[in-house]
Amino acid sequence: MSSSDTQSEFLQLLESHKGLIHKVCNVYCLNNRDKEDLFQEIVIQLWKAWPGFRGESKFSTWMYRIAINTAISGLRRKKNHMIYMGPDELPAEIKDESDASEKEERLQQLYAAIRQLSELERAIIMLYLEDKNYEEIEDILGINQNNLRVKMNRIREKLRKLLKQSTYGT
C-alpha cells in the first residue's frame, strides 16, 4: 500500500471516529483550549502509532486505547499545573424553561463529577457510557472483567454521591 493510500485510509477512519476523541477530551479537560490541545496530541499519537495497527482489534478499540493513554500521560505531565475542582466549586443547578438547556446542565454536572474521578475511573466510565461491553473495556484498558465489574459498581456509587452533592449540597 502506498503512503498516500495509508494516509487516506487513516484520515477516513479518523474522520469517522473523531467523536470518540472529542469524548475523551471532554472527560479529561476543563476548558476548550485544553480540549483542542489534547485533541491534536491524540491525533499526533494515533498517526505515530498507525503503522503498528495490525487490525487485531477493532479500529475504535485501538483508537480508544491510544486516546486514553495520551490523555492520562498528558495529565501526569501537567499534574503540577492542574487546578483541583472540589464539590463546592461545581456549578450550581440553574433552572431553565428549556428542556434542552436543562439536559445540557445535567450533562455538564455529570462531566464535572466524572472529572473528580481518578484517571482510570474516568476511562472506565467513559467507555461504559459509550456502551462498550466489559470484554471491549478489558481489551482497551487491560483490566480483567471481574475486576472491572467491581470497579464499575464503585464508580457508579461515587458518581451518585458526587451528583447528589452538586445538586443538593449534601
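What do you reckon, is Ile143 without any contact (Cβ under 8 Å) to a residue 24 or more places away in the chain, assigned to a helix (DSSP H, G or I) and open to solvent by less than 80 Å² (accessible area, probe 1.4 Å)? For Ile143, the condition - without any contact (Cβ under 8 Å) to a residue 24 or more places away in the chain, assigned to a helix (DSSP H, G or I) and open to solvent by less than 80 Å² (accessible area, probe 1.4 Å) - is not met. For the range 41-54, the set of residues classified as free of Cβ contacts under 8 Å to residues at least 24 places away in the same chain and surrounded by 12 or more Cβ atoms within 10 Å (Cβ to Cβ) consists of Ala49, Phe53, listed by residue number. In the condition set (1) at pLDDT 90 or above; (2) part of a helix (DSSP H, G or I), Arg106 is compliant with all but (1). Per the listing Arg149, Arg122, Arg160, the residue uniquely at pLDDT 90 or above, buried (at least 17 other Cβ atoms within 10 Å of the Cβ) and either in contact with a helix residue (DSSP H, G or I) (Cβ under 6 Å, 6 or more places away or on another chain) or not polar (S, T, N, Q) (or both) is Arg122. Does Asn69 fit the bill of being modelled with pLDDT under 80, under 30 Å from Leu46 (Cβ atoms), assigned to a helix (DSSP H, G or I) and open to solvent by 70 Å² or more (accessible area, probe 1.4 Å)? Taking the combined requirement at face value, the residue does not satisfy it. Of everything in the range 32-79 that is among the hydrophobic types (A, V, I, L, M, F, W, C) and in contact with a Cys (Cβ under 8 Å, 6 or more places away or on another chain), the residue that is nearest to Glu119 (Cα to Cα) is Ala71.
Of the numbered criteria (1) open to solvent by 80 Å² or more (accessible area, probe 1.4 Å); (2) modelled with pLDDT of 90 or more, the one Lys58 fails is (2). Scanning the range 10-31 for residues that are among the aliphatic types (A, V, I, L, M) and either farther than 26 Å from Ser118 by Cβ or open to solvent by 80 Å² or more (accessible area, probe 1.4 Å) (or both) turns up Leu11, Leu13, Leu14, Leu30. Does Lys95 qualify as being outside any helix (DSSP H, G or I), under 13 Å from the mean Cα position of the chain (by Cα) and either farther than 21 Å from Glu41 by Cα or modelled with pLDDT of 80 or more (or both)? The answer is no for Lys95.
The values are calculated or read from the model by the stated rules, or taken from the named source; none is laboratory data. Everything numeric here is computed off the predicted structure, so don't read it as measured data. Glycine also receives a Cβ, built like all others from the backbone with ideal geometry; neighbour counts cover every protein chain displayed. Surface accessibility is based on the protein's heavy atoms, side chains included, excluding ligands, DNA and RNA. Shrake-Rupley method; radii C 1.70, N 1.55, O 1.52, S 1.80 Å.
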